[in-house]
Amino acid sequence: MIPKIAWRNIWRNRLRSFVVIGAIIMGIWAGIFMSSLSIGMTETRTQDILDTFISHVQVHDSTFVYDHKPADFIQNFEEVYGILQNDDSVTAITRRVIYSQAMLASAKGNRSVEIRGIYPEEERGITKLHEYIVDGNFFEEFKGKPVCIGAKIAEKNGYEVGDKLILQYQDIHGEMHAVKYKVCGIFKTINSQHDGFTVYVPAQTLFDETGDIMYHEIALRTFNKSDALSLSNSLQAQLPDVKVEYWGQVSPDLGYTDEMMGVALLIYMGIIMLALMFGIINTMLMAVLERTRELGMLMAVGMTKPKVFLMIVLETLFLSIVGGPLGILLGHLTVGYFGTNGLDLSVVAEGMSLFGMSSIVYTSIDPSAYIQIGIMVVVTALLAALYPARKALKLNPSEAIRSI
Amino acid sequence: MAVIEIKDVKKIYYPGSEIQVNALSGVNLTIEEGEFTAIVGPSGSGKTTLLNIVGGLDTSSSGSVNIDQTDITRLPENKLIDFRLHHIGFVFQAYNLIPVLTAKENVGFIMLLQKRPEQERNDRVTALLEEVGLSDKMDKRPNELSGGQQQRVAVARALASKPRFVLADEPTANLDSRSTGDLLDIMLRLNQEEGTTFIFSTHDQRVIDRARRVVTLEDGKIVSDVRQG
């Protein structure tokens, strides 16, 4: 009977109940949408950055990671590469030569760059760099020594496909090389910083110039980015002489952001629930104070305080139980729609590119978040019920009956 | 047999302050089983205070209220609530029905709190609502009933728990004369045929005229106690 009375009580003032239920629905929807947008942006950014140049796991010489010195190449490369190639979890692998402190010089200007010597065919299995070519090609057709440069470099220095430029760098023996290259392709990734600093050349051309066949980096992919950490741990155990890092270690900000997104939902929902709680308290307090005489009567005729308390708590819970699932459903539908079609934020594409973000954001949320939200709604309702219910318990039956 | 024995009950509001009020100043009263008693007196004489203390809704400053040999002034709150539930029926001036429940549910609610079986509840609720002449209004909510009908539901509710007596605080104050007459007829019939003990406070001369016993209070003291007809 008490649940029945509680249920009917919430419909005594329909408008007020609908306002509260509406607030709960909108609050939950907003929380889910905001969280999914943040998570989606982060996931898209992470995925784009991994696809553009980081990949899932990287292997370096233990000291290379600190200064990126050319001399810190992977010492026992053949052995390491062989082990990695034979690992079942490795789905794609490539090798890179890196000269981080290089100079690009031409009549159109000089700028410091990082030269990455790659194997174009292997690189296709690791990154999507070839998909970002906006002019020319990715080492498919060229004459002479080809170089692919970032759009930002091309834009700043006015380079076009076919232009000649000089790449200057110091080899592992300290000997300077200044070699003429011809722009074969211009790439524009979602990361403008990368595009303003990196040039790609075939590794073989570097070997021809320096006579040193060595590699600074091995990049590999596994089935899923979430498997990368366990793979890197397992590889590190097998290869103690090199540094094996998963993407979160290669780019700590990416790893940190990814971890943060796990709690973003809780933070968003926590703030929204706190605001909702005050709304619910206000409504329930009004409901209790309006029914002073009725509550007094219930206590007078023999309804115990725990039962009165239960009734008020149930009323609050019912309001939330009506609003909660509707809010979650609305949020789920919204996340589903924008998760498939994407949310076009191209009006701020340039700014987003600076942060390595794509202008189309696909919302994303872990389905288990709905359970978390459900629990938060119930907890909020219970907390919000405490004060009005306590207020009801403090009523003196004889005074309450005479109060109106 | 005495159902209620009130001995030297005093009630002082704001004791020791400048606005101290002696609402009851040593009231002694015994109510026998089956009596139909009106507590009368001018406003502020202590009628409602006395009924609240007898009903366990308020505490006395001193004295004792024995109901079937139990001094309710010494009962802790949780036992007092239970005592009220099983021994006392209440009828309030403003009916005080639960607006979201039907007449049937309002009457049955008390028995539900007593944890009576469903079949017993249904039978008694039907019988009581027939007794108060509302068998055709069982599924109506309070806002679909007139004031007189609501008060009759309240009487049925008060009786549902099979109490030792019914306390009614100004039960006819909000009723027109016809409804007052109907309600009094029902209460008197229940009193005569079923032996239900009624104690009610009232200003209403029509009610006073039909009471079997009239106890008059003035300034918190009983000034007369008259048995009629």
> Is the shape of region A:19-130 best called rounded, prolate or oblate, per the rule: a/c under 1.5 gives rounded, else a/b larger than b/c gives prolate, else oblate, with a ≥ b ≥ c the square roots of the Cα gyration tensor eigenvalues?
Replying inline: prolate
>> With unit charges on the beta carbons (Lys and Arg positive, Asp and Glu negative) and the dipole taken about the Cα centre of the protein assembly as shown, which residue among B:ILE39, A:ASN137, A:ILE190 sits farthest to the positive side?
In response: B:ILE39
> Cβ under 11 Å from B:ILE4's Cβ, B:ILE4 left aside: what net charge do those residues give with Lys, Arg +1 and Asp, Glu -1?
Replying inline: -3
> What nm distance separates the two modelled labels at B:LEU112 and A:ILE213, each placed 7 Å from Cα along Cα→Cβ?
Replying inline: 8.8 nm
>> If you take every DSSP beta bridge fully contained in the protein assembly as shown, what fraction is antiparallel? Give it as a percent rounded to 5.
In response: 70 percent
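For B:GLU18 and B:ASP123 in one chain, what is 0.36 nm times their gap in residues minus the Cα-Cα distance, to one decimal in nm?
Details: separation 105, 0.36 × 105 = 37.80 nm, distance 5.47 nm.
Fully extending the segment from B:GLU18 to B:ASP123 adds 32.3 nm.
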> Per residue of B:80-88, what is the mean number of Cβ atoms on other protein chains within 10 angstrom of that residue's Cβ?
Replying inline: 3
>> Loop only by DSSP, 13 or fewer other Cβ within 10 Å of the Cβ. Give me the GluC sites (Glu not before Pro) in region A:147-234 that pass, ordered by residue number.
In response: A:GLU160, A:GLU175
> Using the scaling law 2.2 N^0.38 Å as the reference, what is the normalised Cα Rg of region A:221-323?
Replying inline: 2.10
> For B:GLN69 and A:ALA275, what does the FRET efficiency come to when R0 = 45 Å and r is the distance between their Cβ atoms, rounded to the nearest 0.05?
Replying inline: 0.20
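Work out, in µm²/s and without decimals, the Stokes-Einstein translational diffusion coefficient of region A:66-126 at 4 °C, 1.567 mPa s, Rh from Kirkwood over C-alpha pairs.
Roughly 93 µm²/s, to the nearest whole number.
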>> Just to be sure I understand the model, the point goes 7 Å from the Cα along the line to the Cβ. What's the resulting A:GLU290 to A:GLU78 distance in nm?
In response: 8.6 nm
> Please identify the trypsin sites (Lys or Arg not before Pro) of region A:73-121 that satisfy two criteria: DSSP loop assignment and at most 15 other Cβ atoms within 10 Å. Which are they?
Replying inline: A:LYS108
>> Residue by residue through A:290-297, how many Cβ atoms from other chains fall within 10 Å of the Cβ on average?
In response: 3
> Excluding A:VAL322 itself, what net charge comes from residues whose Cβ is under 15 Å from its Cβ, given Lys and Arg +1 and Asp and Glu -1?
Replying inline: +3
>> Below 12 angstrom from the Cβ of B:HIS86, what's the summed charge of the other residues (Lys, Arg +1; Asp, Glu -1)?
In response: +4
> DSSP loop trypsin sites (Lys or Arg not before Pro) in region B:112-184 with at most 10 other Cβ atoms within 10 Å of their Cβ, which ones?
Replying inline: B:LYS115
>> Between helix B:147-160 and chain B, what is the angle of the helix's C-alpha long axis to the longest principal axis, kept within 0 to 90° and rounded to the nearest 10?
In response: 80 degrees
>> For a 27 Å ceiling on Cα separation, which of these pairs sit above it: A:LYS69/A:LYS143; A:LYS394/B:LYS115; A:LYS391/B:LYS140; B:LYS115/B:LYS140?
In response: A:LYS69/A:LYS143; A:LYS391/B:LYS140
> B:HIS86 to A:TYR337: FRET efficiency via 1/(1 + (r/R0)^6), r the Cβ-Cβ distance, R0 56 Å, to the nearest 0.05?
Replying inline: 0.40
> For a label point 7 angstrom out from the Cα of A:MET260 toward its Cβ, which stretches of region A:358-372 have the backbone nitrogen within less than 20 Å?
Replying inline: A:358-366
> How much solvent-accessible surface does A:TRP29 expose, in Å² to the nearest 10, with a 1.4 Å probe and all protein chains in place?
Replying inline: 70 Å²
> Where does the protein assembly as shown land at 222 nm, in deg cm²/dmol rounded to the nearest 500, when only DSSP H runs of n ≥ 4 count, each adding -39500 (n - 2.57), divided by all residues?
Replying inline: -15500 deg cm²/dmol
>> 5 Å is the cut-off here: which amide hydrogens, built 1.01 Å from N in the peptide plane, fall below it relative to A:THR198, excluding neighbours closer than 5 in sequence?
In response: A:GLU114, A:GLY150
> Amide H neighbours of B:GLN93 under 5 Å, counting only residues 5+ apart in sequence or on other chains, H built in-plane at 1.01 Å?
Replying inline: B:ASP169
> Cα-Cα pairs above 35 Å in the protein assembly as shown: how many percent?
Replying inline: 60 percent
> B:VAL226 to B:ASN28: extension gain in nm, 0.36 nm per residue of separation minus the Cα-Cα distance?
Replying inline: 69.8 nm
> Dipole magnitude of the protein assembly as shown about its Cα centre, charges +1 at Lys/Arg Cβ and -1 at Asp/Glu Cβ only, in debye to the nearest 20?
Replying inline: 3020 debye
> Which percent of Cα-Cα pairs in chain B sits in each 10 Å bin, short to long?
Replying inline: 8, 33, 36, 19, 4, 0
> Residues of region B:147-163 with amide nitrogen under 15 Å from the 7 Å Cα-to-Cβ point of B:ARG178?
Replying inline: B:147-150
> Which of rounded, prolate, oblate describes region B:127-229, given a ≥ b ≥ c as roots of the alpha-carbon gyration tensor eigenvalues and a/c under 1.5 marking rounded, otherwise prolate only if a/b is larger than b/c?
Replying inline: prolate
> If you put +1 on each Lys and Arg Cβ and -1 on each Asp and Glu Cβ, how big is the dipole of region B:50-189 around its Cα centre, in Debye rounded to 20?
Replying inline: 240 debye
>> Give the average over all directions of the projected area of the C-alpha convex hull of region B:1-82, one decimal, in nm².
In response: 6.0 nm²
> So for region A:57-221, what are the equivalent ellipsoid semi-axes in whole Å, largest first, each being the square root of 5 times an eigenvalue of the Cα gyration tensor?
Replying inline: 25, 19, 14
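The values are calculated or read from the model by the stated rules, or taken from the named source; none is laboratory data. Small disclaimer: the values here were computed from a predicted structure and weren't measured. As a convention, Cβ positions derive from the backbone with ideal geometry for all residues, glycine included, and neighbour counts pool all protein chains shown. With ligands, DNA and RNA removed, areas are computed over all heavy atoms of the protein, side chains included. Shrake-Rupley method; radii C 1.70, N 1.55, O 1.52, S 1.80 Å.
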